[in-house]
Amino acid sequence: MRAQPTASHYVNGRYIDDEQGAPLPVIYPATGETIAMLRSATPNVLELAVEAARAAQPAWARLKPVERGRILRRAADILRARNADLARIETLDTGKAIQETLVADAPSAADCLEYFGGAVATYNGEAVDLGGPFAYTRREALGVCAGIGAWNYPIQIAGWKSAPALAMGNAMVFKPSENTPLSALALAEIYSEAGLPDGLFNVVQGYGDVGAGLVGHDVVAKVSVTGSVPTGRKVLSLAGSKMKHATMELGGKSPLIVFDDADIENAIGGAMLGNFYSTGQICSNGTRVFVQSGIHDRFVDRLIERTKKIRIGDPLDPETQMGPLVSKAQHDKVVGYIGIGKQDGAVLACGGNVPSLQGFDGGFFVEPTVFTGVTDNMRIAREEIFGPVLTVIPFTTEEDAIAKANDVDYGLAGYVWTGDAGRAHRVAQAIEAGMVWVNSENVRHLPTPFGGMKSSGIGRDGGDYSFDFYMETKNIAIGLGQHKVPKLGA
Ligand code: NDP
């Protein structure tokens, strides 16, 4: 098998397996071929991982922050040096085009390790003057944190969760998605090679039950999950019942609003990236494309012309721009939504088919698809599809656009394309979302907060927000001897 790792799990600095674990086949989405055979973690494996993390964490937290950061920065260098191999693993695991995985996956994880590995050295508590006596705050690690990842950006998510957690002195047990288990193992190996002490970053494979076992484990102090809203709700209620810290990075159905005065070619490029990059499997995509009536027809014509030129096919070919969906289940879901769009009366303006590609019969491909004539009450305009399906919804005025944009339960991201600076700020402020990009497309800047409002999540990642994610703040108040203590019973 062409991507078989040494074993299924990485615990306490080494690969382990347990023959009792349920089989977990790893499928190459472009062909349906089994490329590795792993096993889901048994309760015994989970226990070993949590115990290794618990045992290793206190000494790690006592290191100088700069020493912890140095190890993360060394790991970032190794990630960059191995980028070609890691991109290949990520493409085999996810089906995403290699031209993407070479620039957006391990490099983004490396940037994150480098950023938090540097930032931690300057992050401190504060001293508060109380008129002589004073108080100071300590930022203390939480202990053992659980990271649970989605399948669209496996190594990036593993890096985004582990880097701030480790930088602040925590240990982590990470569970990748069952669909994409491979690259987190590679990251674990790299951490060890960079000098991370054993037990601080452990990877356990498995289905949702393994994630739930981790969330419910008494030693785990914090849970950070990237996934869908239904999973988020389950994790949050279990974590809440045990009073654990929890951060939810969940799904979206984000508006992308294009006004008449926008640079139309750039706006179309933004809409295409925000619907077809990673085969449309990005949480913060702008999948509801609102286009003002004055440019609507011109926008749609040009969008279709450009969409038809997207090169879909062999993900390992550097010329390919769009690969398959991650799994058969996701493929069936997306094809199902295309059917629902047609049934509900939307106009299928382009794509919508399962392409026949020579040599890739068993693959999970869907053409990049554009629906026009969409109204905001249709299911394809309200539910997260998580595939290459773009819906164009016409609007008339700024107020109309804002009302439509906010009329969903999600609130992850928003996009505004306009030539009017005042309008750009007005609309950006009015959109109910954790992140808004103006005349630009979904690029994550590490010092800025990333996360959603409404059902799209709880908490923010990025910059100091990530440190808040993974720390407790302790207040220590100091008297200087003059403090009056009641003489009760003296
Ligand atoms: P899922 O919600 O299906 O799964 C997410 C992770 O949670 C997987 O590892 C899954 O394991 C695990 N899981 C499932 N059930 C439980 C449970 N009861 N307790 C603990 N863990 C559980 O999401 P997908 O993997 O399908 O990813 C796509 C979703 O992720 C989309 O909604 C997308 O918007 C969102 N996402 C959000 C991002 C953000 O930052 N806001 C970024 C990227 C994606 P298993 O896979 O084995 O079932």
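Observations on the model:
- Average projection, convex hull of the Cα set of region 432-490: 8.7 square nanometres.
- Based on Cα contacts under 8 Å between residues 6+ apart, region 105-194 shows a relative contact order of 31 percent.
- For region 352-490, alpha-carbon Rg and Dmax in angstrom: 24.6, 92
- Two-decimal log10 I(q)/I(0) for region 297-361, as the Debye equation yields it once each C-alpha is a single scatterer, q = 0.12, 0.27 Å⁻¹: -0.40, -1.24
- In Å, descending, principal axis extents of the Cα set of region 60-104: 42, 17, 14
- Greater than 19 Å apart at Cα, pairs in K342/K404; K175/K234; K253/K308: K342/K404; K253/K308
- Against the main long axis of the alpha-carbon atoms of the chain, helix 296-307 sits at an angle near 80°.
- Region 79-148 - Rg and Dmax from Cα coordinates, angstrom: 20.0, 63
- Share of pairwise Cα-Cα distances greater than 16 Å in region 284-325 is 56 percent (whole percent).
- Gain on full stretching of the segment that runs from I476 to D77 - 0.36 nm per residue minus C-alpha separation: 139.8 nm
- Each 10 Å bin from 0 upward holds the following percent of the Cα-Cα pairs of region 1-59: 22, 42, 25, 10, 1.
- Cα coordinate range in region 313-412, projected on the principal axes (Å, largest first): 49, 28, 23
- Shape parameters for region 253-302, alpha-carbon atoms, Rg then Dmax in Å: 10.7, 31
- Whole-Å semi-axes of the ellipsoid equivalent to the chain (Cα gyration tensor, √5λ, descending): 40, 30, 19
- As computed over region 370-412, the Cα convex hull volume per residue (Å³): 79 Å³
- Counting only alpha carbon atoms, the long axis of helix 83-94 and the longest principal axis of the chain meet at about 70°.
- Label zone at D85 (point 7 Å along Cα-to-Cβ), backbone N below 13 Å, region 102-121: none
- Estimated translational diffusion coefficient (Stokes-Einstein, Kirkwood radius over Cα pairs, 37 °C, 0.692 mPa s) of region 17-174: 184 µm² per second.
- Taking GluC sites (Glu not before Pro) across region 1-62, the ones in a DSSP loop with at most 16 further Cβ atoms lying within 10 angstrom of their Cβ are E19.
- Restricting the trypsin sites (Lys or Arg not before Pro) of region 402-490 to loop positions (DSSP other than H, G, I, E, B) with no more than 12 neighbouring Cβ atoms within 10 Å leaves K484, K487.
- Rg(Cα)/(2.2 N^0.38 Å) for region 138-289, N = residue count: 1.20
- Partner lysines whose Cα lies under 22 Å from the Cα of K474, excluding those fewer than 8 positions away in the same chain, are identified as K64, K222, K242, K244.
- The sum of -39500 (n - 2.57) across all DSSP H runs of n ≥ 4, divided by the residue count of the chain, sets its helix-only mean residue ellipticity at 222 nm to -11500 deg cm²/dmol.
- Whole-Å semi-axes of the ellipsoid equivalent to region 212-333 (Cα gyration tensor, √5λ, descending): 37, 20, 10
- Whole-number percent relative contact order across the chain, with pairs defined as alpha carbons under 8 Å at least 6 apart: 18 percent
- Relative to the longest principal axis of the Cα atoms of the chain, the long axis of helix 182-194 lies at roughly 40 degrees.
- Cα extents of region 123-180 along the three principal axes, largest first (Å): 58, 17, 13
- Estimated FRET transfer efficiency when R0 is 35 angstrom, pair T396-S237 (beta carbons, to 0.05): 0.25
- Between the listed residues L214, H9, T397, the Cα displaced farthest toward the positive end of the dipole of the chain, a dipole computed from Cβ unit charges relative to the Cα centre, is found at L214.
- Structural descriptor for region 1-136: relative contact order 21 percent, calculated from alpha carbon pairs under 8 angstrom and at least 6 residues apart.
- Taking the square roots of 5 times each eigenvalue of the Cα gyration tensor of region 173-244, largest first, gives ellipsoid semi-axes of 24, 15, 9 Å.
Taken together, the values in this text are just the output of simple stated rules run on the coordinates, not laboratory data. Just so it is clear, the model here is predicted, and its values are computed rather than measured. Please note: Cβ atoms are built from the backbone with ideal geometry, for glycine as well, and neighbour counts cover all protein chains shown.
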